[in-house]
Amino acid sequence: MITIQLSERQEKIIDIVKENQPITSEKIAKKLKLTRATLRPDLAILTMSGILDARPKVGYIYTGKSIFNVISEKIKNIKVGDRKSVPVIVDENTSIYDSIVTMFLEDTGTIFVTSEGYLSGVVSRKDFLKSAIGGMDLDRTPVAVIMTRMPNIIVTYPEESILDAARKLIEHEIDSLPVVKEEILDKGNKGYKLVGRITKTTITRVFVELGNNE
Ligand code: ADP
């Protein structure tokens, strides 16, 4: 089990607030036989982390939230649109060879493929390896032949939470998701405009930020 360590004094403050709320910092300090100045950093941590709520002219209230609730709420509030990075895109007619070159030049593991500006496929390192060991003519075969194509592409949307995007990566065992905006085309068909990407690196970055308490 993961444990997040609050100091002994912070735990005591939580207990005092739970029993006496609303309670001013002066009264908390008195109960602990400390000065208000000594308590200030602890109260700042407890309010910033959302465990206590400081109400002006009233005092401190216990929110009932554990540190886990606070972290989980924080993650759920991060949207895909806030963290998406720039997608690497090739057109369906690009050769496998040129697509591999793009993958190296752009230093990426997944390339998104479009047809007339709309998302039509995804191609990853393994797809390229398969085509290479399968002896395909890499120069003459378009990437469309080897890509994973619509409607089998797992996508995410700017307004989706980063937690749901991370769940999709895990559930489908993939490294990256195209961030798309849906458009209705003729005959009611849907088209997806690519507006970004979310990768395992994006999620790792969020994880590090949370760990650094940024
Ligand atoms: P790698 O090839 O580096 O292991 P992935 O695990 O992401 O990369 O890809 C595994 C397979 O899943 C590939 O065939 C790839 O085309 C496909 N794939 C990758 N991303 C997606 C996605 N967002 N939706 C559907 N299929 C995907």
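Put simply, of L210, L169 the only residue that is within 16 Å of the chain's Cα centre (by Cα), surrounded by 19 or more Cβ atoms within 10 Å (Cβ to Cβ) and either of a type in the set (V, I, T) or at negative phi (or both) is L169. Considering region 109-135 alone, what residues qualify as being in a loop (DSSP other than H, G, I, E, B), within 15 Å of the ligand (Cβ to nearest atom) and in contact (Cβ under 8 Å) with a residue 24 or more places away in the chain? Across region 109-135, the qualifying residue is only G109.
The set of residues in region 165-181 that are near the ligand (Cβ under 9 Å from one of its atoms) and either touching a Ser or Thr at 6+ places or on another chain (Cβ under 6 Å) or within 24 Å of D98 (Cβ to Cβ) (or both) comprises I174, D175, S176, L177, P178. The set of residues in region 143-164 that are open to solvent by less than 30 Å² (accessible area, probe 1.4 Å) and more than 15 Å from the ligand (Cβ to nearest atom) comprises P158, S161, I162. Selection within region 182-192: residues that are more than 16 Å from the ligand (Cβ to nearest atom) and at pLDDT 90 or above. The member of this set that is surrounded by the most Cβ atoms within 10 Å (Cβ to Cβ) is G191. Of all residues assigned to region 97-106, none qualifies as being part of a helix (DSSP H, G or I), open to solvent by 80 Å² or more (accessible area, probe 1.4 Å), under 27 Å from N212 (Cβ atoms) and more than 16 Å from the ligand (Cβ to nearest atom). Of all residues in region 21-37, those that are under 9 Å from G59 (Cα atoms) have Cβ atoms under 7 Å from Cβ atoms of residues that are among the aliphatic types (A, V, I, L, M), 6 or more apart or on another chain, in Q21/I61; P22/V58; P22/I61; I23/I16; I23/V17; S25/L39; S25/L43. Scanning region 6-53 for residues that are in a strand (DSSP E or B) and modelled with pLDDT of 95 or more returns a single hit, I23. Pairs, please: C-beta under 8 Å, at least 6 apart or cross-chain, first residue without any contact (Cβ under 8 Å) to a residue 24 or more places away in the chain and in region 60-89, second of a type in the set (F, W, Y)? Final answer for the pair search is none. Taking first residues from region 155-176 that are among the basic types (K, R) and partners that are at pLDDT 95 or above and open to solvent by less than 20 Å² (accessible area, probe 1.4 Å), the Cβ contacts under 7 Å between residues at least 6 apart in sequence or on separate chains come to K168/T156; K168/L177.
In this structure, R140 does not satisfy being among the basic types (K, R) and either open to solvent by less than 60 Å² (accessible area, probe 1.4 Å) or within 13 Å of the ligand (Cβ to nearest atom) (or both).
The values are calculated or read from the model by the stated rules, or taken from the named source; none is laboratory data. Treat the numbers as computed from the prediction; the structure is a model and nothing was measured. We place every Cβ from the backbone using ideal geometry, glycine too, and count neighbours over all the protein chains shown. Surface accessibility is based on the protein's heavy atoms, side chains included, excluding ligands, DNA and RNA. Shrake-Rupley method; radii C 1.70, N 1.55, O 1.52, S 1.80 Å.
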